[in-house]
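Enquirer: There's a structure below that I have some questions on.
Throughout, read-outs are computed from the coordinates displayed, never taken from laboratory work. In this text the structure is predicted, and so the values were computed from the model without any measurement. Here the Cβ positions follow ideal geometry from the backbone for every residue, glycine too, while neighbour counts run over all protein chains shown.
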Amino acid sequence: MNRINIALDGPAGAGKSTVARLVASALGFVYVDTGAMYRAVTWKILQLGLRPDDAEEVARATRNMEIRLARSEQGQLVFVDGENVTDYIRSADINRNVSFIAQNREVRRLLVEKQKELAREKGVVMDGRDIGTSVLPDAEVKVFLTASARRRAERRYAEAGTPEQTIEEMEAEISRRDQIDTNREASPLRRADNAILLDTTEMELAEVVEAVLSMCRSYV
Ligand code: DC
């Protein structure tokens with residue numbers, strides 16, 4: 001297969017990361033989870049005791065931090081200033097604060113630059129919110145994955161080993177994040193004009209993966 005880039009966007013909990021990982025593995029491509037980069041910045045900002053909504057301080061701190069992605073048997077690892085934060089970035093505390101960081105224009109500029117660089121040689125499956133619109137506007141395959149907020153909360157709940165929240169709390173949190181991600185000024189979450197919409201509310205994971213793979217086949 002030719003090396004192409006695949007952009008997978010959509011709201012929180014639509015199954016992007018699971019689908020992206022499986023598609024990447026089926027094609028022998030690299031999976032890049034861009035949400036993990038925003039989460040890693042959030043972790044560091046909280047660690048530094050800064051307020052996530054203090055745009056200038058957050059921008060300054062982000063310019064001074066080194067974010068690095070690495071691959072391992074367990075999947076993508078994220079390092080901030082040399083520290084492996086992969087296991088720390090999925091907490092409820094990070095979930096609550098990450099949208100503030102993702103609204104910061106300078107943070108977005110710095111991370112988007114890094115993401116473009118990671119995809120320069122192609123053969124990448126990248127998931128996020130603005131991949132098809134801003135990061136990889138020329139991606140050969142663009143998919144916008146969505147599902148009802150309730151179904152997304154149920155999936156998040158099932159994934160969490162020991163859930164810190166009830167399904168109802170997760171659903172409320174997901175709806176709140178959708179609101180912020182969709183309405184922010186900097187790169188809001190929206191479907192690229194040429195992205196294919198896949199509503200996965202009633203779809204099994206294997207069907208979704210197959211649907212994305214079939215969009216890639218014409219590039220073989
Ligand atoms: O996909 P996720 O839940 O790990 O994303 C975490 C947050 O980062 C979420 O609020 C949306 C934001 N995000 C973004 O704004 N742009 C991206 N490309 C990826 C994530």
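Enquirer: Report, as a whole number in µm² per second, the diffusion coefficient that Stokes-Einstein gives for the range 41-130 at 20 °C and 1.002 mPa s using the Kirkwood radius over alpha carbon pairs.
Expert: The diffusion coefficient I find is 154 µm²/s.
Enquirer: For the range 84-220, just the Cα set please: Rg and Dmax, both in angstrom.
Expert: 16.0, 44
Enquirer: Turning to a different aspect of this structure: Let me know the whole percent of all Cα-Cα pairs from the range 159-220 that are separated by more than 19 Å.
Expert: 59
Enquirer: With bins 10 Å wide starting at 0, give me the P(r) of the range 1-150 over every alpha carbon pair, in whole percents.
Expert: Per 10 Å bin, starting at zero, the Cα-Cα P(r) for the range 1-150 comes out as 11, 42, 36, 11, 1 percent.
Enquirer: Can you pull out the GluC sites (Glu not before Pro) in the range 51-130 whose DSSP state is coil and whose Cβ has at most 16 other Cβ atoms within 10 Å?
Expert: GLU66, GLU73, GLU121
Enquirer: Then there's this: How far apart, in nm, are two points set 7 Å out from the Cα along the Cα-to-Cβ line at GLU83 and at GLU169?
Expert: It works out to 2.5 nm between the two label points.
Enquirer: Whole Å is fine, so just give me how far the alpha carbon centre of the range 1-35 lies from that of the range 146-220.
Expert: 13
Enquirer: Now for a different question. Can you give the relative contact order of the chain as a percent, counting alpha carbon pairs under 8 Å and 6+ residues apart?
Expert: Relative contact order here is 33 percent.
Enquirer: Arranged by the count of other C-beta atoms within 10 angstrom, fewest first, what order do LEU145, LEU46 take?
Expert: LEU46, LEU145
Enquirer: Among MET126, ASN104, LEU77, whose Cα lies farthest out toward the positive end of the dipole of the range 1-134, if unit charges sit on the beta carbon of Lys, Arg (+1) and Asp, Glu (-1)?
Expert: The listed residue farthest towards the positive side: MET126.
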